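Asker: One structure follows; several queries about it will come next.
The values are calculated or read from the model by the stated rules, or taken from the named source; none is laboratory data. This structure is a prediction, so every number in the text was calculated from the model and none was measured. FYI the Cβ positions are ideal-geometry reconstructions off the backbone, even for glycines, and counts take in every protein chain you see.
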Ligand code: CP
């Protein structure tokens, strides 16, 4: 795999696989391009012809509500033809390999694959395999990365807080299994956020997480002190090998976001969650639905950010 598997020789985006090592200028280019698409989303006719004649294949080997749907909306607003492969009803159940599936879809003139897979690295494998000019977007691979979620979270933070270089961002909960947290941390540090904190029990934080440039807290109230942004994460029970916690109730007591814990953050702190949320486990309902919550705007911004990513990839990384 070359040093920059997602960039071409001119440094333009040819795939989007991870926010790790993604240059600041490209992250900013995505956010600025998304600004234009937010305004298109406010029009009566929400379509532009940037991907007219292109075929986008959504391949979701893991379940999804937000990511799959917003990718479909984004591609349709860009006028692409969108094909949602129903993996459960596809010939993968007859033993067809991932790359054979890709080859067959490529033979139908696919221009872009949007891939969610339970195995970390699956989108990289596909990106290495497809012919030049076909783009691959990672829509979440195992515990590894969820770059468009990371980018839409940056868009949301920038929308409410403007200047990344003055922020304290706290990421709380099951960081160990969270591809979202990893994508956020890489993007936040690249954008110059001076303090990124991770908060959780030892069993749910990666042993070497400080290597990513974050501060570790096990005491949630201390970790939230003075935070501008609070990101809550779901307990990913499906990725846990055996119990890592006494119980969900115990977790909520110690690490669930409640009004008394949120009071430690700045009064104008925003509360984020990539979804799906488990109310009463990592977040209390009044907080999820409260005035500081920007959880639903995150979803809406996801359309514009995914339009930005797909339009940049469709234009060979250059925006006309
Ligand atoms: N945030 C996120 O990836 O949600 P979905 O699993 O519903 O796509």
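Asker: State which residue pairs qualify: first residue in the same structural domain as residue 214 (by TED's automatic domain parsing) and inside the range 152-169, second residue in a helix (DSSP H, G or I) and surrounded by fewer than 17 Cβ atoms within 10 Å (Cβ to Cβ) in any location, beta carbons under 8 Å apart, and separation of 6 or more residues or different chains.
Answerer: 156/297; 159/297
Asker: Which one of these does residue 280 not meet: (1) at pLDDT below 95; (2) more than 16 Å from the ligand (Cβ to nearest atom)?
Answerer: Status for residue 280: all satisfied but (1).
Asker: Does the range 225-243 contain any residue that is touching a helix residue (DSSP H, G or I) at 6+ places or on another chain (Cβ under 7 Å), over 30 Å from residue 77 (Cβ atoms) and more than 16 Å from the ligand (Cβ to nearest atom)?
Answerer: Within the range 225-243 (the criterion being touching a helix residue (DSSP H, G or I) at 6+ places or on another chain (Cβ under 7 Å), over 30 Å from residue 77 (Cβ atoms) and more than 16 Å from the ligand (Cβ to nearest atom)), the answer is yes, since at least one residue qualifies.
Asker: For the range 49-62, enumerate the residues that are under 14 Å from residue 138 (Cα atoms) and either within 13 Å of the ligand (Cβ to nearest atom) or part of a loop (DSSP other than H, G, I, E, B) (or both). Even if it seems obvious, please write down each step before you answer.
Answerer: Within the range 49-62, the subset under 14 Å from residue 138 (Cα atoms) is 56-62.
Across the range 49-62, the qualifying residues are 58, 60, 61, 62.
Asker: Any residue in the range 251-263 that is within 16 Å of the ligand (Cβ to nearest atom) and either crowded, with 17+ Cβ neighbours inside 10 Å or not assigned by TED's automatic domain parsing to the domain that holds residue 220 (or both)? Spell out the reasoning first.
Answerer: To start, the set of residues in the range 251-263 that are within 16 Å of the ligand (Cβ to nearest atom) comprises none.
Within the range 251-263 (the criterion being within 16 Å of the ligand (Cβ to nearest atom) and either crowded, with 17+ Cβ neighbours inside 10 Å or not assigned by TED's automatic domain parsing to the domain that holds residue 220 (or both)), the answer is no, since none of the residues qualifies.
Asker: Here is a further query. Residue 15 passes all but one of (1) over 17 Å from residue 150 (Cβ atoms); (2) more than 16 Å from the ligand (Cβ to nearest atom); (3) surrounded by 15 or more Cβ atoms within 10 Å (Cβ to Cβ); which number fails?
Answerer: Residue 15 satisfies every listed condition except (1).
Asker: Then there is this: Among residues belonging to the range 289-320 that are at pLDDT below 95 and crowded, with 19+ Cβ neighbours inside 10 Å, point out the one that is nearest to the ligand (Cβ to nearest atom). Before you say what the answer is, go through the steps one by one.
Answerer: Just the residues of the range 289-320 that are at pLDDT below 95, to begin with: 314-320.
From what's left, crowded, with 19+ Cβ neighbours inside 10 Å: 314, 317.
Values: 314: 22, 317: 24 Å.
Among those residues, the one meeting the criterion is 314.
Asker: With respect to residue 220, is the statement that it is under 19 Å from the mean Cα position of the chain (by Cα) and modelled with pLDDT of 95 or more true?
Answerer: Values: under 19 Å from the mean Cα position of the chain (by Cα): no; modelled with pLDDT of 95 or more: yes.
For residue 220, the condition - under 19 Å from the mean Cα position of the chain (by Cα) and modelled with pLDDT of 95 or more - is not met.
Asker: Which ones in the range 270-280 are in contact (Cβ under 8 Å) with a residue 24 or more places away in the chain and within 21 Å of the chain's Cα centre (by Cα)?
Answerer: Correct list: 270, 271, 272, 273, 274, 275, 276, 277, 278.
Asker: Next question. Kindly indicate the residue of the range 102-150 that is over 13 Å from residue 178 (Cα atoms) and within 12 Å of the ligand (Cβ to nearest atom) and also surrounded by the most Cβ atoms within 10 Å (Cβ to Cβ) among those meeting that condition.
Answerer: Among residues in the range 102-150 that are over 13 Å from residue 178 (Cα atoms) and within 12 Å of the ligand (Cβ to nearest atom), the one surrounded by the most Cβ atoms within 10 Å (Cβ to Cβ) is 138.
Asker: Please count how many residues of the range 272-288 are surrounded by fewer than 22 Cβ atoms within 10 Å (Cβ to Cβ) and in contact with a helix residue (DSSP H, G or I) (Cβ under 9 Å, 6 or more places away or on another chain).
Answerer: Residues of the range 272-288 that are surrounded by fewer than 22 Cβ atoms within 10 Å (Cβ to Cβ), as a first pass: 275-281, 284-286, 288.
Of the ones still in play, those that are also in contact with a helix residue (DSSP H, G or I) (Cβ under 9 Å, 6 or more places away or on another chain) are 275-281, 284, 286, 288.
Final tally of qualifying residues: 10.
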